[in-house]
Amino acid sequence: MSHPSERLSLLINTLSLNVNSFATECGYNSSTTIWRIINDNKKPSKPTIDKICARFKNVNKEWLLVDAEGQALGRLASEVAILLRGKHKPNFTPHVDCGDNVIITNAEKITLSGNKWEDKSYIRHTGYPGGQRSLTAKEMFGKDPARLVEKAVKGMLPKNKLGAALFRNLKVYVGTEHGQEAQKPRTINLNSKK
């Protein structure tokens with residue numbers, strides 16, 4: 001037997017059957033329009049895939065340790081942002097914090113290519129008139145190297161409440177010592193991660 005929409009088009013073209021009687025035969029009332037019947041009987045264009053969305057309660061979060069020694073700042077930050085967001089997991093859900101907790105050590109041993117140490121500037125504003133302040137990457141690195149890494153990672157996270165929650169899962173330390181030994185973090189080597 002042919003599809004109901006094919007039957008409908010055949011019946012309309014040949015005018016051998018009254019449209020109202022066909023609508024009642026298919027289960028529609030007599031006031032239903034022809035276009036409603038056609039749209040309801042269209043074949044789906046693609047099969048749908050059921051995806052299980054992660055919920056906050058059933059997310060499995062790990063503690064990961066990343067060594068920043070010898071890493072380029074932007075490349076390190078993009079890899080860490082993926083780990084924080086959870087895009088490496090099969091149950092990634094865009095609106096849920098399903099990423100891992102990340103610890104970055106040796107923040108003072110990052111590298112920047114080219115003239116970025118002098119040319120790259122970080123601008124902020126105090127909130128008062130004429131209160132715009134700027135620091136070069138070298139000046140910020142001299143004050144606090146961890147802040148340089150934090151700003152790079154934060155810039156690669158969503159700019160909303162979810163991004164703020166993801167940023168709280170990041171811990172950056174100068175040196176090899178960190179305060180999360182009790183969590184038994186798993187070490188991630190970004191150079192061999194692919």
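A short reminder: the numbers here are calculations on the coordinates, not readings from a lab. The shown structure was predicted, so the numbers you read here are calculated from the model rather than taken from an experiment. Glycine gets a Cβ as well: all are built from the backbone with ideal geometry, and neighbour counts include every protein chain shown.
Things to note:
- Residues whose placed amide H lies under 5 Å from that of I104, excluding near-sequence neighbours: V66, K171, V172, Y173
- Förster-model FRET efficiency, 45 Å R0, S192 and E6, C-beta, rounded to 0.05: 0.20
- Loop-located trypsin sites (Lys or Arg not before Pro) in region 76-168 whose Cβ has at most 14 other Cβ within 10 Å (DSSP): K87, K159, R168
- Between L157 and any residue 5 or more places off or on another chain, the built amide H atoms are never under 5 Å apart.
- In order through region 95-103: 3J(HN,Hα) via Karplus (6.51 cos²θ - 1.76 cosθ + 1.60), integer Hz, x for Gly, Pro: 9, 10, 6, 10, x, 9, 7, 10, 10
- Residue-count net charge about A164 - beta-carbon cut-off 11 Å; Lys, Arg +1, Asp, Glu -1: +3
- For the listed residue pairs K87/K120; K120/K184; K159/K184; K57/K120; K57/K138, the alpha carbons are over 32 angstrom apart in K120/K184; K57/K120; K57/K138.
- In order through region 110-118: 3J(HN,Hα) via Karplus (6.51 cos²θ - 1.76 cosθ + 1.60), integer Hz, x for Gly, Pro: 6, 10, 10, 8, x, 9, 5, 4, 9
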